[in-house]
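Here's the structure, in structure tokens; my notes come after.
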């Protein structure tokens, strides 16, 4: 019985360590994010989708700064088509790096806070790229439901330059 417990412990420990391991060099974020300007709605232009986001249409992420400094998030989309079922998720964001405000923990399920890094933000706060150290998921977002092809390609090139497999990036259909 103790051999089974030891084996189970080793398997669990290996799983935890691999889950914590980062991929690639430390990912740089933007120098500073004015949180109040960043709040509001962002249309998801493209992403490497999580399992929740597969088939998302009209995806929008909305942020609201709470009095305690946390960020109430509302993520909405239509599942599998413009006439699909409306979905809504409400993770809570926590600023981890208060010097830049560019590294957050995003909590969908307590106590886990997923890595969330603002790696690009234009001066007008109209386009942003959110990435993760593991380089597994990425979100290209804008204040408008579409961006120019030139801007899109530039942001995909940015994703490639920080170590993403850009062949996995999918455009998110937006029709308003």
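The values are calculated or read from the model by the stated rules, or taken from the named source; none is laboratory data. Just so you know, these numbers come straight off a predicted model, no measurement behind them. When we count neighbours, we look across all protein chains shown, and the Cβ atoms used for this are built from the backbone with ideal geometry, even at glycine.
Can you tell me which residue among 135, 117, 107 is surrounded by 14 or more Cβ atoms within 10 Å (Cβ to Cβ), within 12 Å of the chain's Cα centre (by Cα) and modelled with pLDDT under 95? Walk me through it before giving the result.
Working: 135 fails: modelled with pLDDT under 95; 117 fails: modelled with pLDDT under 95.
107 is the lone residue from the list that is surrounded by 14 or more Cβ atoms within 10 Å (Cβ to Cβ), within 12 Å of the chain's Cα centre (by Cα) and modelled with pLDDT under 95.
Out of the residues in region 48-59 that are within 12 Å of the chain's Cα centre (by Cα) and surrounded by 16 or more Cβ atoms within 10 Å (Cβ to Cβ), state the one that is farthest from residue 148 (Cα to Cα).
That would be 53.
Select from region 122-154 the residues that are outside any strand (DSSP E or B) and under 21 Å from residue 175 (Cα atoms) and list them in ascending order.
Within region 122-154, the first condition is being outside any strand (DSSP E or B), and the residues that meet it are 122-126, 132-137, 143-154.
126, 143, 144, 145, 146, 147, 148, 149, 150, 151, 152, 153, listed by residue number.
Taking the conditions exactly as written (within 24 Å of residue 153 (Cβ to Cβ) and modelled with pLDDT of 95 or more), does residue 79 satisfy them or not?
Values: within 24 Å of residue 153 (Cβ to Cβ): no; modelled with pLDDT of 95 or more: yes.
Here the answer is no, as residue 79 does not meet what is asked.
Just checking, how many residues over region 96-116 are part of a loop (DSSP other than H, G, I, E, B) and in contact with a strand residue (DSSP E or B) (Cβ under 7 Å, 6 or more places away or on another chain)? Working first, answer last.
Taking region 96-116 as the starting set, the residues that turn out to be part of a loop (DSSP other than H, G, I, E, B) are 96-102, 110-111.
Then drop every residue that is not in contact with a strand residue (DSSP E or B) (Cβ under 7 Å, 6 or more places away or on another chain), which leaves 96-97, 101-102.
Residues in region 96-116 being part of a loop (DSSP other than H, G, I, E, B) and in contact with a strand residue (DSSP E or B) (Cβ under 7 Å, 6 or more places away or on another chain): 4 in total.
Restricting the search to region 61-78, which residues are crowded, with 19+ Cβ neighbours inside 10 Å and farther than 18 Å from residue 113 by Cβ?
We begin by selecting, within region 61-78, every residue crowded, with 19+ Cβ neighbours inside 10 Å; these are 61, 71, 73, 75, 77.
Correct list: 77 only.
Exactly one condition in (1) at pLDDT below 95; (2) over 19 Å from the mean Cα position of the chain (by Cα) is false for residue 99; which is it?
(1)
Residues 129, 166, 156: which one is without any contact (Cβ under 8 Å) to a residue 12 or more places away in the chain, within 18 Å of residue 44 (Cβ to Cβ) and either surrounded by fewer than 16 Cβ atoms within 10 Å (Cβ to Cβ) or in contact with a helix residue (DSSP H, G or I) (Cβ under 6 Å, 6 or more places away or on another chain) (or both)? Let's see the steps before the verdict.
Details: 129 fails: without any contact (Cβ under 8 Å) to a residue 12 or more places away in the chain; 156 fails: without any contact (Cβ under 8 Å) to a residue 12 or more places away in the chain.
Matching residue, one of 129, 166, 156: 166.
Just checking, does region 79-95 include any residue being assigned to a strand (DSSP E or B), surrounded by 17 or more Cβ atoms within 10 Å (Cβ to Cβ) and touching a residue at least 60 places away in the same chain (Cβ under 8 Å)?
Checked region 79-95: at least one residue is assigned to a strand (DSSP E or B), surrounded by 17 or more Cβ atoms within 10 Å (Cβ to Cβ) and touching a residue at least 60 places away in the same chain (Cβ under 8 Å).
Could we say that residue 30 is outside any strand (DSSP E or B), in contact with a strand residue (DSSP E or B) (Cβ under 7 Å, 6 or more places away or on another chain) and at pLDDT 95 or above here? If you could, list the steps in order and put the result at the bottom.
On the way: outside any strand (DSSP E or B): yes; in contact with a strand residue (DSSP E or B) (Cβ under 7 Å, 6 or more places away or on another chain): yes; at pLDDT 95 or above: yes.
Yes; evaluated as a whole, the condition is true for this residue.
Can you pull out every residue in region 155-164 that is part of a loop (DSSP other than H, G, I, E, B) and closer than 17 Å to residue 53 by Cβ? Walk me through how you get there before you give the answer.
Step one: of region 155-164, the residues part of a loop (DSSP other than H, G, I, E, B) are 162-164.
Across region 155-164, the qualifying residue is only 164.
Take the residues of region 138-153 that are surrounded by fewer than 16 Cβ atoms within 10 Å (Cβ to Cβ) and free of Cβ contacts under 8 Å to residues at least 60 places away in the same chain: which is nearest to residue 49 (Cα to Cα)?
Going through the qualifying residues, I end up with 153.
Collect the residues in region 36-47 that are part of a helix (DSSP H, G or I) and exposed (fewer than 15 other Cβ atoms within 10 Å of the Cβ), keeping them in residue-number order. Give the steps one after another, and end with the answer.
Here is the first cut: in region 36-47, the ones part of a helix (DSSP H, G or I) are 36-38.
Result: 36, 37.
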